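The next block holds one structure in the form of structure tokens; read it before the comments.
The values are calculated or read from the model by the stated rules, or taken from the named source; none is laboratory data. Being a predicted model, the structure only gives us computed values, none of them experimental. Glycine gets a Cβ as well: all are built from the backbone with ideal geometry, and neighbour counts include every protein chain shown. Surface accessibility is based on the protein's heavy atoms, side chains included, excluding ligands, DNA and RNA. Shrake-Rupley method; radii C 1.70, N 1.55, O 1.52, S 1.80 Å.
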2 protein chains.
Amino acid sequence: MSEENFQGYKKEALETLKKYNAHVWDNAEIDTTRGHFSGKILPRAENTDSKHIVVKVVTGYNIGIDVDTITDIKSHAVPQPKFQIPEKEFPYTKGFPHVKLLGTGGTIASRLDYRTGAVIPAFSPGELYGAVPELADICNLDTEKIFAVFSENMSPKEYIALANKIGEEAKNGIDGIVIGHGTDTLAHTATALTYMCQNLPMPVILVGSQRSSDRPSSDAALNLMHAMTAAGHGDIAEVLVCMFGPTSDEYGFLHRGTRVRKMHSSYRSTFRTIGDTPVATVNRKDGVCPIKEEYNHRRKHGERKVELITNLEDYKASIARNDHNTMRLVPTFDDRVAILYYYPGMKPDVVESLIERGYKGIVWNGTGLGHVNKGMFDVIQKATEAGIHQYMSVQTIWGYTHMFVYDTGRDLMARGIIPASNMLAESAYIKLGWALGLTHDREEVKKLMLTPINSEITPREPYNGYLVYQGGTPEVEEFIKKVHK
Amino acid sequence: MSEENFQGYKKEALETLKKYNAHVWDNAEIDTTRGHFSGKILPRAENTDSKHIVVKVVTGYNIGIDVDTITDIKSHAVPQPKFQIPEKEFPYTKGFPHVKLLGTGGTIASRLDYRTGAVIPAFSPGELYGAVPELADICNLDTEKIFAVFSENMSPKEYIALANKIGEEAKNGIDGIVIGHGTDTLAHTATALTYMCQNLPMPVILVGSQRSSDRPSSDAALNLMHAMTAAGHGDIAEVLVCMFGPTSDEYGFLHRGTRVRKMHSSYRSTFRTIGDTPVATVNRKDGVCPIKEEYNHRRKHGERKVELITNLEDYKASIARNDHNTMRLVPTFDDRVAILYYYPGMKPDVVESLIERGYKGIVWNGTGLGHVNKGMFDVIQKATEAGIHQYMSVQTIWGYTHMFVYDTGRDLMARGIIPASNMLAESAYIKLGWALGLTHDREEVKKLMLTPINSEITPREPYNGYLVYQGGTPEVEEFIKKVHK
């Protein structure tokens, strides 16, 4: 019995497999205190715990079974499949753009063995070529693992590391960057990188997948091909999210990092640009197709100057120079910032706590046009006096704050809350942390917050932003039909 | 100069008007430190502050001007319009249903004087008849002001008072109830009343308006007519929200109280049923048209027994009796409950604070399938040990928690977080407060939370719940066309 038979299992899970003489790739009948499971024992991937045995059940889903609940395993050995990622060298094609894929954790792509249902993660250029050979028709590829964390564990520390890495790659002249990222907080990272990496000379495309590569409906390979196409051949030098289009497998959308939000917990077409259209569609045949020709995109260019900025004075000087061809790398963050999501009956003690614990910024997510109850007025005043910067976003998600309309809005502003227009709560939260990394001066922070860097505040409803939720206004649908017919 | 000329103004605002010899209905040129405003000085409504003078500017908007910013008013008296609400008696029509309108604050309807732009609030049956004479063709009407609070100031105390009032009206045999409510927290009140008023014998319809009655695009009168129609003639004995339909002035939607959410800060068609279709459309010609015939609606009936329940034992006994014709009035709430909206970089101290301050329930609003970062694991465990009941909802708004899929979900459940399926964060928050009003027993609370009272948890995507956001799947659109052609 080779060690291979327990691939990836450790501690309790390993003990349990050994106890019942069960191995990876066995067909198993598992009795638990929660019921009976029948399926194939799969190897475990990186970053996983030691408490679960993962089984592919007949529906095709992988289920993690808590070893503490297991009362019996009847294991039927089957011939162990012999395969490995067909790791060939990723072909170099002269004239193709050079793309760098940065990994943050999880599986970017993988190869499925249909006989066993097993998934072999692929990350190195050679592995990716084995898993998604079409990539070699798109670009030359280099890859680098930056972290190995679940998306929900990404934090300002990782945003800063990614920003610095992007600066380095920009200097080195890369044609485009793709960042593989879990979907939970992919939008947060995209908005952070928009603030930290300004005046980009090349596309930075974040990509993920909603369905893992071992499922027939996986969007992983398609999203990756679209992201590589946008990074290598696209002309839009911005931080963009490339994810599944809303109505078919035929194209992906490119969303601006500051305006994109995950809007369904499990659907593939979950990423939506809120309050605007997506920036472009992307497909392999036509490449990147901007949705509105007049969109004010940053264009890719060859100048590779990068200016590192970590204080307000340098930032203001850089803005004053107005040199669009020098990348502004601003990897700052003050993490004493919180989002407060309003609910009726909210009590002042939640704000008291933030004051006591030394928080410096609060992004409110209020009802309607930007309201909270009057029981909060005094503590909001107190927070302002304690030097906390407070901004208001709307929990309706769509629409703008309008705090001049009702007395409540005016009362809140009088106590120091500044309306954040139609910034998404997440974009406002990350921008406030970023701005407080540069300065704590109230007026300067306000100037930073209310000056859009890339569409985090948009003109009022340019194309009926509410309706683009479904993927398009009539114009957008028309455009998509035209391009993708 | 009569007192009438300062109608509604008090303290500083009154002083300012007097200082510049300006009056209500005057055409005024007002200089302020924020710029110049030109328009007609309007009377002020109830519940307003003493710091602002309200002016109808040429665009038709009413603007509140902070008196502290005013540097000059040049006031041009114009003949004061002579009008009043044409208060005639609301006609009694034999055979028409009896509807009770409960006011919670703000303006339900109003009459606009087009010459002056002034708004005369209407609330008594006679005033409403003057403002919206069509109401007399729908029902017999009685009205009662319960509170006078802004929607954002509604709280569990008001939910309980409303629930008790509904119980009283049910006993008295009313045919239907309409509750006028500000839109900010209308959905919260609707979900609270769903839990507190079970087995209703008659419709309870919450209604509001997104545009005030003094604007040509106001939805106030139409929403009110639709609500009265649903309350008086509808057969659905549930707590429903009646608001503007998404595509035209032709019909309103009836949304279940537990599944409705305000999704745009200013649009009229802002209320959306999430993860299901609305229950019905309503228009004056066809009345209430259920969208799916097989919808399991409660039907209106004549039995008017009401059982007051304030503890778990009585609640369980009532459930066991399974008597659908006795209204269950359960006006309980433990307000030591909070929503925590997750953001990357969230720190344990926000939970520490809730533990220290004696909170008993937390509804998490996590990323993806129901996740928060691993830095929170210990404090979540600690909160559970401190007796805090913790439930997980998804901040994607659409979709379900699936906490068995990833290690993070399993780790969170192991520490006491219970997945709340597809309950909206708001519905889960209010239900948790309500359930904790009945019991603090962990298993009993869980049973209450996860047993739907009226669709707060729905079967997985019955009609592709994601897409109904736009007002309809193809079936719904087809239905609407058929009914409203």
Is one or more of the residues making up segment B:228-239 surrounded by 23 or more Cβ atoms within 10 Å (Cβ to Cβ) and at pLDDT below 90?
no
Of the candidates A:A148, A:A170, A:A122, the one satisfying the condition of being aliphatic (A, V, I, L, M) and within 19 Å of A:V204 (Cβ to Cβ) is A:A170
Scanning segment B:176-206 for residues that are of a type outside the set (A, V, I, L, M, F, W, C) and more than 8 Å from the chain's Cα centre (by Cα) gives B:G176, B:G180, B:T191, B:T194, B:Y195, B:Q198, B:N199, B:P201, B:P203
Within segment B:305-350, which residues are hydroxyl-bearing (S, T, Y), in contact (Cβ under 8 Å) with a residue 12 or more places away in the chain and open to solvent by less than 30 Å² (accessible area, probe 1.4 Å)?
B:Y315, B:T326, B:T332, B:Y341, B:Y342
Does B:L162 satisfy the criteria of being over 30 Å from B:W25 (Cβ atoms), in contact with a strand residue (DSSP E or B) (Cβ under 9 Å, 6 or more places away or on another chain) and within 14 Å of another protein chain (Cβ to nearest Cβ)?
yes
From the residues in segment A:378-429 that are of a type in the set (F, W, Y) and in contact (Cβ under 8 Å) with a residue 24 or more places away in the chain, which one is farthest from B:S50 (Cα to Cα)?
A:Y429
Determine which single condition B:P348 fails, assuming it passes every other condition in (1) of a type outside the set (G, A, S); (2) touching a His at 6+ places or on another chain (Cβ under 8 Å); (3) within 14 Å of chain A (Cβ to nearest Cβ).
(2)
Does segment A:169-182 contain at least one residue that is at pLDDT 95 or above, more than 22 Å from A:L128 (Cβ to Cβ), β-branched (V, I, T) and open to solvent by 10 Å² or more (accessible area, probe 1.4 Å)?
no
Across segment B:339-356, what is the total count of residues that are under 29 Å from the mean Cα position of the chain (by Cα) and of a type outside the set (A, V, I, L, M, F, W, C)?
3
Residues that are hydroxyl-bearing (S, T, Y) and in contact with a helix residue (DSSP H, G or I) (Cβ under 9 Å, 6 or more places away or on another chain): find the helices (runs of 4 or more DSSP H) completely inside segment B:149-239 holding 2 or more of those.
B:186-196
Can you pull out the helices (runs of 4 or more DSSP H) entirely within segment B:351-459 that have at least 1 residues that are facing another protein chain (nearest Cβ under 8 Å), open to solvent by 10 Å² or more (accessible area, probe 1.4 Å) and over 24 Å from A:R357 (Cβ atoms)?
B:407-414, B:425-438
Being under 14 Å from B:A77 (Cα atoms), of a type in the set (F, W, Y) and at pLDDT below 90 is the filter here; which residues of segment B:1-43 pass it?
B:F6, B:W25
